[in-house]
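In what follows, a single structure is set out as structure tokens and then discussed.
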Amino acid sequence: MPPLDSSPQSITAAAATPALHSRLGSLGLLWNATWLIAIPAIVTLLMMRYLLPSSAQSEGTLLGLVARAALANPLIFAVGLFLILSLITRYWRYYLPGFRVTYPVVPGTYRALRIDELRLIDQATVLVRRLTRPRAQRRRNNTLTAAANAAVQISIRELSEHVANGRLDGIRSLMGDLESYDKSSVRYYEFSDWLRALAFAGVPILMALGFRAQAVQTCKVSGSSMLPTLADGDSLGLRPSAYRTLSQSVVSTASQRVPARGDIVVFDNSQRTPEDYLIKRVIGLPGDEISMKGGLPVINGWTVPYCDAGIYANVTGDLEPTVGHVVVEFLEDRAYLTLYTTKGTVPSFEAYQVKEHEVFVLGDNRFASSDSRSWNDGRGGGVPIATIRGRADWFLTGITREGTLDFSRLLEPFNLQFHLEGVDVSGVKRRIQECVRNKPALTSPPPPKQPA
């Protein structure tokens, strides 16, 4: 028999692999999208929502470690869980409903095959695909004689035909011969397939980490100083680039754009409190003179308008009752919620002139917040804009009273919403809407007075 052309173009992967991985029809693509992407994603969300235990209830156990990991980094944990489920689904794909639609439609070929026979055809298809790659052909050209190379190509072509027609005996007889002929190529591409599998698992995690570092970060609320909008244990989506200029986004992480009044910001604060960062609302900008009227801020002599929305009553995890009034404040054409409790005292405070490159911040829980009013022994203080990590824009997860994750407000913005587990707040929410419908005409303070 004359030898075949042994160049890499003599037989191509497209010509040699008519089965599972090379000729997926529309039904096959739909099957893959459903079972390998959509269903693992849905199961991931359901598991995050309903199956994760409370870290407190499972303290000291493996489940406790899992729960703490999910609470600390819900985004990374969810991506990893999705990848594990997707890989498990792929491994057991032969047993899943509709798997046969991923094969080419050849009348009478694959419809009546057993699972082990489908697995054999799948393995043969993968082997043909490996051996017909250009690099594998170049390796054979360099390591095999012309006659041996021609024999391998004939076997590849015959195996491809057996796969296309479902000839199991022919597949079994040729697979061992091909693997023995071209062991180096088979081992090489088995190793490369493992690398691709690792990349499939690792790249999304690395992308999530990079996205988290550059575009979105997460932070967790500690304490009750931002009630009623933000509660202890809430995880928030943080936009670190909100106050960076284009050039600073590339060469520096320092924030230099001035935040807007009403923004919720996260800033480094290790020098003032044991916490690494604090979460507060921006009230005053550089040059503003800030004083307080009870719990209400006064900006350049102008009192921020407000509307009482009703009674707030809640019992926190330490069984300490929090009772007060929800108050809507209007500032810079935006509205947000504050809380005036019956307990606590307003920090003593005199007027403070906000310095250049800093902002004045307050907690929304006005009688239970350590903020710009109380710093510097009650003389007031600002937050340097360069220490702001970013702007908090939306919810990620909360914590139920049992200590499990609450996804009920996932990706919701802070739009005059607050949540009290097990408490009917419909009346307060209706009153909030009335306040918004009747908001005052003037919501912007006058400019600061210029020094003489």
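Rule-based calculations on the coordinates, nothing more; no lab input. All of these numbers come straight from a predicted model, not from anything done at the bench. With ideal geometry, Cβ positions are generated from the backbone for all residues, glycine too; neighbour counts draw on all protein chains shown.
Take each peptide in 362-374, 115-127, 382-394, count the other Cβ atoms within 10 Å of every residue, and average; sorted highest first, the result is 362-374, 382-394, 115-127. When a/c reaches 1.5 or more, the comparison of a/b and b/c decides; with that in mind, is the stretch 322-384 rounded, prolate or oblate per its Cα gyration tensor? Because a/c hits 1.5 or more and a/b fails to exceed b/c, the stretch 322-384 counts as oblate. Placing a pseudo-label 7 Å from each Cα along the Cα-to-Cβ vector at Ile311 and Ala146 gives an inter-label distance of 9.9 nm. Using the Karplus relation 6.51 cos²θ - 1.76 cosθ + 1.60 with θ = phi - 60°, the per-residue 3J(HN,Hα) values for the stretch 322-334 come to 10, 10, x, 10, 7, 10, 8, 9, 10, 8, 6, 6, 9 Hz, with x marking Gly and Pro.
The GluC sites (Glu not before Pro) of the stretch 338-391 that DSSP puts in a loop, and whose beta carbon has at most 12 other beta carbons within 10 Å, are Glu350, Glu356. Taking a ≥ b ≥ c as the square roots of the Cα gyration tensor eigenvalues, with a/c under 1.5 meaning rounded and otherwise prolate when a/b beats b/c, else oblate, which class fits the stretch 301-428? Prolate shape, in that a/c is at least 1.5 and a/b is the bigger ratio. Remark on Ala309: its backbone amide H falls under 5 Å from those of Val326, Val327, Val328, a criterion applied only to residues 5 or more positions apart or on other chains, H modelled at 1.01 Å from N. For Val359, the residues whose modelled amide H falls within less than 5 Å of its own, excluding neighbours fewer than 5 places apart on the same chain, are Val383, Ile385.
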